[in-house]
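J.: Got a structure for you, questions after.
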Amino acid sequence: AHSTLTVGDESSARFRPYLTADDSRRRRMIDSAPRPKVERASNDDGEALSARHDGYLKRFGVAHNRTLMLDADGGRLIGSDELMGTPGSAPQALLRFHLHPRIAAVLSAERTVAHLTLGDGSLWSFEAGGRALALEESIFLGGLASQRRSQQIVVPIKAGESEIRWSF
């Protein structure tokens, strides 16, 4: 599972199912977007990273760009996800942020802020510009022997929207 944008509840890569010798069902990646275009910048305000991929371009007519900005003191992560192309023609898009199992998440009464309590007791919050948020079940894959239940923050993107800003 990735903490990223999904379009039409599909991965940006394409997979084909197959059966193993013991008749187990598996999926093999058969196509993925070309290597993402990545840019990094530093200044007195902090560190910025921008990455763009075209994994949804053929199927849905949109490319995805994510920009991350970490404050100089490391106390705030600001993000922006942008659909470039014709976002109105794409099916529903969602932002998903998978949380570690030791993070307890609770939504505010208005469902616009997720309050996060980390394993060490420190508190963080997540918001996406006043948008309604949802908490859903997820699975943490900490290795082959470590699969645990966890949660994810889900941010629906309305049809035709092209940019979503969020922060931790």
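The values are calculated or read from the model by the stated rules, or taken from the named source; none is laboratory data. As the structure is a prediction and not an experimental result, all values here were calculated from the model. Neighbour counts run over all protein chains shown; Cβ positions are idealised from the backbone, glycine included. We work out accessible area using only protein heavy atoms, side chains counted, and drop any ligands, DNA or RNA first. Shrake-Rupley method; radii C 1.70, N 1.55, O 1.52, S 1.80 Å.
J.: In whole Hz, what ³J(HN,Hα) sequence does the stretch 121-127 give by Karplus (6.51, -1.76, 1.60; θ = phi - 60°), x for Gly and Pro?
T.: Coupling constants for the stretch 121-127: x, 6, 10, 10, 9, 10, 8 Hz.
J.: Further question on the same structure: If you roll a 1.4 angstrom probe over the protein chains with everything in place, what fraction of the accessible area of the stretch 122-168 belongs to carbon and sulfur, to the nearest %?
T.: 54 percent
J.: Give me the mean projected area, in nm² to one decimal, of the convex hull enclosing the Cα positions of the chain.
T.: That works out to 11.9 nm².
J.: Next question, about the same structure. Which FRET efficiency value, to the nearest 0.05, is calculated for A134 and R26 with the Förster distance at 35 angstrom and r the Cβ-Cβ distance?
T.: 0.75
J.: Turning to a different aspect of this structure: Need one number: the % of Cα-Cα pairs in the stretch 43-95 sitting beyond the 18 Å mark.
T.: 41 percent
J.: Residues of the chain: accessible area per residue at 1.4 Å, in Å²?
T.: Per-residue accessible area for the chain comes out at 63 Å².
J.: To continue, here is another question. For R35 and W124 in the same chain, what is the full-extension length gain: residue separation times 0.36 nm, less their Cα-Cα distance, in nm?
T.: Contour length minus the Cα-Cα distance gives 28.8 nm.
J.: Estimate the FRET efficiency between I103 and A72 by the formula 1/(1 + (r/R0)^6), using the beta-carbon distance for r and 30 Å for R0, to the nearest 0.05.
T.: E between I103 and A72, to the nearest 0.05, is 0.80.
J.: At D45 and K158, where each label point lies 7 Å from the Cα along Cα→Cβ, what is the point-to-point distance in nanometres?
T.: About 2.6 nm, to one decimal.
J.: Once you place label points 7 Å from the Cα toward the Cβ at K58 and R148, how far apart are they in nm?
T.: Each label point lies 7 Å from its Cα, and together they span 3.9 nm.
J.: Please name which of N65, G55, L5 has its Cα lying farthest along the dipole of the chain towards the positive end, using unit charges on Cβ (Lys, Arg +1; Asp, Glu -1) and the Cα centre as origin.
T.: Checked the options; the winner is G55.
J.: Grab the Cα-Cα distance for R96 and R165, subtract it from 0.36 nm times how many residues apart they are, and report the gain in nm with one decimal.
T.: 23.5 nm
J.: Can you compute the helix-only [θ] at 222 nm over the chain? Use -39500 (n - 2.57) per DSSP H run of at least 4 residues, normalise by all residues, nearest 500 deg cm²/dmol.
T.: -500 deg cm²/dmol
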